[in-house]
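Reviewing the structure listed below.
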Amino acid sequence: MSARGARRRGEARTMSARGLQPALDRRQLLASGLAAGAGLVIGLRFPRAAGAAADVAPAAAELNAFVRIGSDDTVTVLSKHVEFGQGTYTGLATLLAEELDADWATVRVVAAPADVERYKNLFFGVQGTGGSTAMANSWEQMRRAGATARALLVAAAAATWSVPAAELSVAQGVVRHAASGRSARFGELAARAAELEPPAEVALKDPKQFVLVGREDLPRVDVPEKSRGAARFALDFTLPGLRTALIARPPRFGARVRGFDASEARRVPGVVDVVQIPQGVAVLAEGFWAAKRGRDALRVDWDESGAETRGTVELVAEYRGLLARPGLVARSDGDAEAALAGAARVVSAEYEFPYLAHAPMEPLDCVIRVSEGRCELWTGAQLQTVDQAVAAEVLGLEPSRVAIETMLAGGSFGRRATPQGDLVREAAEIAKAIRGAYPVKLVWTRDDDLRGGRYRPLYLHRLEAGLDAEGRIVGWTHRIVGQSLLTGTPFESFSVKDGIDESSVEGAKQLPYAIPNLRVDLHTTKVGVPVLWWRSVGHTQNGYATEAFFDEGARPFRAPTRAPERPSAPPRRARARRGEGRLGPAAPGRARARDRGPRLFLELRRPGGRGLARRGRDAQGPPRGLRGRLRRRDQSRQRARADGGWHRFRSGHRAPRRGDARSGTGRPVQLPRLSVAAHPRDAGGRGAHRAFDRGAHGRGRARRAADRPRRGERRSGAHRSARPPAALPSRRGRELKPGARLRPAWVRTTSDAVLESSG
């Protein structure tokens, strides 16, 4: 290879996904702080972590770095929270850039390395993202980091120009001295600013001065790369010699491998190894499809002696039995049982919530490389501290020897935040089984995620409310049956008290309503199905059950709704001149439905208000055999005259409903959906019925003037087709030749509520 080619390949490897800025190695950043005299690392002062890695030294005497300013004016924000579509990168960068007064076009974000002391979630105490805490716990932290960086840049400019710092201003990434007209970009001041001691206290902006925070039109920092396919997820990441791994998991939860035959799997082209791990059997291959074909060819003998064999039907039956007796009391105010016994009315309901898979857009995946007593992980980690500890446990390393590069993740809904770190544990088990011979990319398929993942638990709820004569709640009981999310996890010690998992009763225990007598109890079940918090955790089912039950209790006491008064309409002749009917203007030759209670009216309009079908020579009747059926029984025997078209309506059949329409010879016609209040005068009245019959079955005159057709308003069936189709079947089965003169098509109203029109 030529030197030029080698140089280009090396440059390609060091370019970031955006292809615009040099890639940043975060460990090198933290170790060196100032690379080639062209960068500035700003951080907040925290005590050094006791277990920090030897090669991760403090940068510029700071231990918690959040921002780097390059000589090219690029402002790089280090995010301690993962970005999986919720906008964390943009939100955190906005906070810092606001106080820094940076130019938003120069801001980019990278993930911070795994270090619990420097990047911990201030709410959880561990490094992780969840519970809608990313912005809340970083609000002041990121703002102070930006304000500290701004103060250092101002101090560097003041020292360079020998002017007071109070005379300087900062905006859009530029420091200016108005009196002398001098200015300097952030990149020009970064090297000198890094040598200064950061101030102990900095002043934050008043929210009235915000320029970036709160802007709805601010572009997200992750969208450009995602839009052009340059963003890198764990599924995109690769290393030299990388092998893809898929795991054959048991068909029942809790089953174990008794033995397996990998002879057929090893014959699949591309398969390089098959190893057993505690979670199943892993097939490693040169690519995904080879690994999948190899896994399909495996023959595994499963030991299901300790597996969960109950299905949903059996579990629901057991849960209903628990609903019949009291559980552990999570909250008790007053005497709910006595209040229910003395209530004027008692309302009760049961709610069942099934197991739900998380199914994020990007299934779980992870890249692992183990060499020389170190472990490197590339994954969309949501709980970096847990993943770091799990990998160290499996591989027998110190947590400080496990480095995690948090990648972009395609969704989570809580699935990537497992207290057991199951994804990283599986990857570490595979790396241990092959003794770190090569890097491994572990991939979960969609089937793996839906059939063998972790789920929101199955829950059953029973609620009872006692109401007095005026509908006020005097007593309330809420019984919950389901699995615990936190029992047996590292979070059990501070979330499970007296046998009650707080996540199982949140949303039911903390009601926002003043109820004098309230009782909430819980039955925690033991089932072999692996469970995990779902988006909003306990509120996803408790909040729904609570609010739905409130609606059930309030239903009998709702005040009847009154139809709004009919709005005033312009005079009839003015509407006719504009080509409008009661329902507004109509397109030329287009059928429109009018709703008058139980009947539908079909209107045909031309601009100017004149009907499309007229009496006299334009009028044509229906086929002869149909005339008798179209006469009314109480009508005289005289021949019925057509009204520009014919309706076919049989007494006793259901009238067509609003929206039930299609075109007989053209494209479908969607009828407008109108409220009953559109014509309250005629809703349910007999006048509308007579008006419909008159237009469909012959002459006659409506008794009420309001029911008579207005000028320029014909209630007719259809009109002549301007361009007839090539052939149409007639009633007797004959076909009409092209160019033949067609009679006006007649509207047919059928019992299945389909309205056909030639328009």
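The values are calculated or read from the model by the stated rules, or taken from the named source; none is laboratory data. Model, not experiment: these values are computed from the prediction. Quick reminder, even Gly has a Cβ in these numbers, built from the backbone with ideal geometry, and neighbours come from all protein chains shown. The area values use the complete protein model at the heavy-atom level, side chains included, leaving out ligands, DNA and RNA. Shrake-Rupley method; radii C 1.70, N 1.55, O 1.52, S 1.80 Å.
Quick rundown of the values:
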{"item": "Positions within the range 452-499 being out of contact with any helix residue (DSSP H, G or I) (no Cβ under 9 Å at 6 or more places or on another chain), within 18 Å of residue 514 (Cα to Cα) and either free of Cβ contacts under 8 Å to residues at least 24 places away in the same chain or open to solvent by less than 20 Å² (accessible area, probe 1.4 Å) (or both), in sequence order", "result": "472"}
{"item": "Which numbered condition residue 543 fails, given (1) open to solvent by less than 50 Å² (accessible area, probe 1.4 Å); (2) over 19 Å from residue 353 (Cβ atoms); (3) assigned to a helix (DSSP H, G or I)", "result": "(2)"}
{"item": "Condition broken by residue 295, with the remaining ones in (1) basic (Lys, Arg); (2) outside any loop (DSSP other than H, G, I, E, B); (3) surrounded by fewer than 19 Cβ atoms within 10 Å (Cβ to Cβ) satisfied", "result": "(3)"}
{"item": "Segments classed as strands (runs of 3 or more DSSP E), wholly inside the range 161-216, with at least 1 members that are open to solvent by 30 Å² or more (accessible area, probe 1.4 Å) and under 19 Å from residue 96 (Cβ atoms)", "result": "168-171, 182-185"}
{"item": "Those residues of the range 515-546 which are over 21 Å from residue 315 (Cβ atoms), out of contact with any helix residue (DSSP H, G or I) (no Cβ under 7 Å at 6 or more places or on another chain) and among the aliphatic types (A, V, I, L, M), in sequence order", "result": "515"}
{"item": "Residues (open to solvent by 30 Å² or more (accessible area, probe 1.4 Å) and under 20 Å from residue 406 (Cα atoms)) located in the range 228-238", "result": "229, 232, 233, 235, 236, 238"}
{"item": "Some residue of the range 500-521 being at positive phi and either surrounded by fewer than 18 Cβ atoms within 10 Å (Cβ to Cβ) or touching an Asp or Glu at 6+ places or on another chain (Cβ under 9 Å) (or both)", "result": "no"}
{"item": "Residue among 260, 237, 253 that is in contact (Cβ under 8 Å) with a residue 12 or more places away in the chain, of a type in the set (Phe, Trp, Tyr), out of contact with any Pro (no Cβ under 6 Å at 6 or more places or on another chain) and within 22 Å of residue 362 (Cβ to Cβ)", "result": "237"}
{"item": "The range 369-383: number of residues that are farther than 15 Å from residue 234 by Cα and touching a Gly at 6+ places or on another chain (Cβ under 8 Å)", "result": "3"}
{"item": "Qualifying residue in the range 337-344 (condition: surrounded by 13 or more Cβ atoms within 10 Å (Cβ to Cβ), of a type in the set (D, E, K, R) and either within 33 Å of the chain's Cα centre (by Cα) or part of a helix (DSSP H, G or I) (or both))", "result": "yes"}
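The rows are residues; the columns are (1) of a type in the set (Gly, Ala, Ser); (2) part of a loop (DSSP other than H, G, I, E, B); (3) within 30 Å of residue 474 (Cα to Cα).
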| position | (1), (2), (3) |
| --- | --- |
| 315 | no, no, no |
| 321 | yes, no, yes |
| 331 | no, no, yes |
| 350 | no, no, yes |
| 362 | no, yes, no |
| 368 | no, no, no |
| 392 | yes, no, no |
| 403 | yes, no, no |
